[in-house]
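The values are calculated or read from the model by the stated rules, or taken from the named source; none is laboratory data. Predicted model only: the values in this text are computed from it and were never measured. Reconstructed Cβ throughout: ideal geometry from the backbone, glycine too, with neighbour counts over all protein chains shown. The protein model used for the area step is the full one, side chains on, heavy atoms only, and it has no ligands, DNA or RNA in it. Shrake-Rupley method; radii C 1.70, N 1.55, O 1.52, S 1.80 Å.
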Amino acid sequence: MSLFSERDRGYMRRALGLARQGLGGTSPNPLVGAVVVQGNRIVGEGYHRRAGEPHAERLALEKAGTRARGGTLYVTLEPCQHTGRTPPCTEAVLAAGVRKVVYALADPNPHVLGGGGEFLRSRGLEVVSGLLAEESRQLNEVFVRWVTTGRPFIYLKAAMSLDGRIATRTGDSRWISSEPSRAWVHRLRSRVDGIVAGIGTVLADDPLLTPRLPGQRNRSPLRIIIDPHLKMPPEARLFTEPGPVLIAGGDGASEKKRAALRKKGAEVLSFPTVRNRLSLPPLLEYLGQRPVTSLLVEGGAEIYAAFLNEGLADKLYLFYAPILIGGTGAKGMVGGAGPATVAEAVKVKPGKCRRIGGDFLLEATLDI
């Protein structure tokens with residue numbers, strides 16, 4: 001017999017839907033939604049909008065007011081028991097007088113694991129957890145990765161032909177994917193903390209790496225260029241757009257080049273190199289501490305190979321256009337030497353596949 005009724009599930013689904021409205025605004029905090037129920041009726045609801053602003057529980061309880069007393073609070077993440085930019089949510093829960101708290105996912109932060117639920121139980125409230133926990137975990141995949149490992153959650157995005165080519169033999173790649181697919185990517189850009197490209201992509205395509213849809217112009221993710229030898233031209237287009245730029249150079253790059261890029265407004269930092277390639281773990285550790293909780297890697301083939309071969313990618317968004325490019329000189333998605341045998345290939349777990357415009361979008365996670 002299930003611990004939860006269909007009505008319980010409906011309230012938690014509502015809370016999850018509210019939480020999704022915070023996408024792109026809460027970093028480095030999680031996405032959280034909350035619903036207050038009194039007598040089978042929702043009397044208050046809220047979601048966390050932005051770091052530093054009230055949490056979902058407080059907003060929902062404030063809207064409920066005195067109607068929360070004796071009611072049930074449904075929340076997608078365990079109420080916090082620690083003080084950050086805002087006071088502990090458990091204080092608001094106690095003050096509101098609810099008799100029961102149902103939460104989906106235990107707080108994954110290793111420093112506070114279980115604290116909120118146990119605290120409320122110790123004060124006499126009925127506390128139940130695990131309702132739609134996997135849905136809440138998926139919604140908060142970025143936060144869970146960052147808070148448990150200290151590094152950002154990493155998306156790899158690539159657009160290619162059905163035969164896996166990301167450019168023709170001449171290097172032409174505009175546009176392989178359709179306009180609706182490119183708009184989808186702009187929405188994804190607006191939700192991440194940072195966008196990564198290799199210097200090869202910058203030299204070949206001169207991209208802006210910014211979200212460019214209505215209402216997103218003020219959203220400026222950190223643009224990160226992996227450039228071990230500082231080949232970045234100061235006249236690159238990305239310097240013409242507002243927003244921060246970080247050039248991740250090697251520790252042996254020339255000071256003259258650093259100065260020229262800093263003059264353009266870029267932040268230029270040095271990281272260790274291994275066989276003339278930037279070592280990614282120190283860069284990701286630095287970004288996680290900044291804190292940058294999510295990264296979108298946009299190419300090129302050598303950068304994709306580096307993230308995949310080191311097991312550093314978390315999710316793939318692969319756009320397949322209904323074209324065949326062919327040609328032995330046309331570039332495939334993943335560069336590098338590649339595996340010697342099929343058994344050594346990077347394993348992925350395919351997820352959803354859907355149509356966007358004329359393209360197919362395959363979503364997959366890394367089998368690591």
Which one, 142, 44, 111, projects farthest toward the positive side of the charge dipole computed for segment 6-154 from Cβ point charges (K/R +1, D/E -1)? 44
Return the long-range amide H neighbours of residue 127 (sequence gap of 5 or more, or a different chain), with a cut-off of under 5 Å between placed amide H atoms. 101
Measure off 7 Å from each Cα along the Cα-to-Cβ vector at residue 353 and residue 269, then give the distance between these two points in nanometres to one decimal. 3.9 nm
Give me the percent of the accessible area of the chain that comes from carbon and sulfur atoms, probe 1.4 Å, all protein chains in place. 51 percent
What value, in deg cm²/dmol to 500, does the helix sum -39500 (n - 2.57) over DSSP H runs of n ≥ 4 give at 222 nm once divided by the residues of the chain? -8000 deg cm²/dmol
Give me the number: length gained by fully extending residue 255 to residue 183, i.e. 0.36 nm times residue separation minus the C-alpha to C-alpha distance, one decimal in nm. 22.1 nm
Give the angle, between 0 and 90 degrees and rounded to the nearest 10, that separates the Cα long axis of helix 280-289 from the longest principal axis of the Cα atoms of the chain. 40 degrees
Report the Cα centroid-to-centroid distance between segment 272-341 and segment 114-150 in angstrom, as an integer. 32 Å
Under unit Cβ charges (Lys, Arg +1; Asp, Glu -1), what dipole magnitude, rounded to 20 debye, does segment 1-134 have relative to its Cα centre? 420 debye
Just name one of 79, 94, 64: the one whose Cα is farthest towards the positive end of the charge dipole of segment 17-161 (beta-carbon charges, Lys/Arg +1, Asp/Glu -1). 64
FRET efficiency (residue 170, residue 285; Cβ distance; R0 41 Å; to 0.05) is 0.60
Using alpha-carbon pairs under 8 Å, 6+ residues apart, how would you state the relative contact order of the chain in percent? 15 percent
Leading residue at positive end of dipole, the chain (Cβ point charges), from 54, 176, 208: 54
Estimated vicinal HN-Hα couplings, Hz - segment 228-238 in sequence order (Karplus 6.51, -1.76, 1.60; Gly, Pro = x): x, 9, 6, 8, 4, x, x, 8, 4, 5, 5
Taking θ = phi - 60°, what integer Hz values does the Karplus form 6.51 cos²θ - 1.76 cosθ + 1.60 yield along segment 222-227, in sequence order, with x for Gly and Pro? 5, 9, 10, 10, 8, 9
Which pairs, out of 331/352; 100/352; 63/100, put more than 28 Å between their alpha-carbon atoms? 100/352
Pop out the ³J(HN,Hα) list for segment 89-103 in order, Karplus 6.51 cos²θ - 1.76 cosθ + 1.60 with θ = phi - 60°, rounded to Hz; leave Gly and Pro as x. 5, 4, 4, 5, 4, 5, 5, 6, x, 5, 9, 9, 10, 10, 10
Highest first, please rank the peptides 247-256, 349-358 by the mean number of other Cβ atoms sitting within 10 Å of their residues. 247-256, 349-358
The chain, accessible area per residue, ligands and nucleic acids excluded (1.4 Å, Å²): 47 Å²
Tell me the net charge near residue 125. Cut-off is 10 Å between Cβ atoms, residue 125 excluded, with +1 for each Lys or Arg and -1 for each Asp or Glu. +3
For the chain, what proportion of DSSP beta bridges, expressed in % and rounded to the nearest 5, is antiparallel? 40 percent
Quote the charge dipole size of the chain about the Cα centre in Debye, to the nearest 20; the model charges only the Cβ of Lys and Arg (+1) and of Asp and Glu (-1). 820 debye
Compare the peptides 122-130, 59-67 by average per-residue count of other Cβ atoms within 10 angstrom and give them in order, highest first. 59-67, 122-130
Give the dimensionless ratio obtained when the Cα radius of gyration of the chain is divided by 2.2 N^0.38 Å. 1.11
Against the longest alpha carbon principal axis of the chain, how many degrees, from 0 to 90 and to the nearest 10, is the axis of helix 6-20 turned? 40 degrees
Simple SL model, points at 7 angstrom along Cα→Cβ for residue 204 and residue 362; separation in nm is 2.0 nm
If you take the square roots of the eigenvalues of the alpha-carbon gyration tensor of segment 66-140 and sort them as a ≥ b ≥ c, do you get rounded (a/c under 1.5), prolate (a/b over b/c) or oblate? oblate
Please list 153-162, 34-43 highest first by mean number of surrounding beta-carbon atoms within 10 Å per residue. 153-162, 34-43
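Relative to the Cα centre, what is the charge dipole magnitude of segment 204-279, using +1 at the beta carbon of each Lys and Arg, -1 at the beta carbon of each Asp and Glu, and rounding to the nearest 20 debye?
80 debye
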Rounded to the nearest 10 Å², what accessible area does residue 315 have for a 1.4 Å probe in the complete protein model? 20 Å²
The simple spin-label model distance between residue 328 and residue 122, using points 7 Å out along Cα→Cβ, in nm, is 7.1 nm
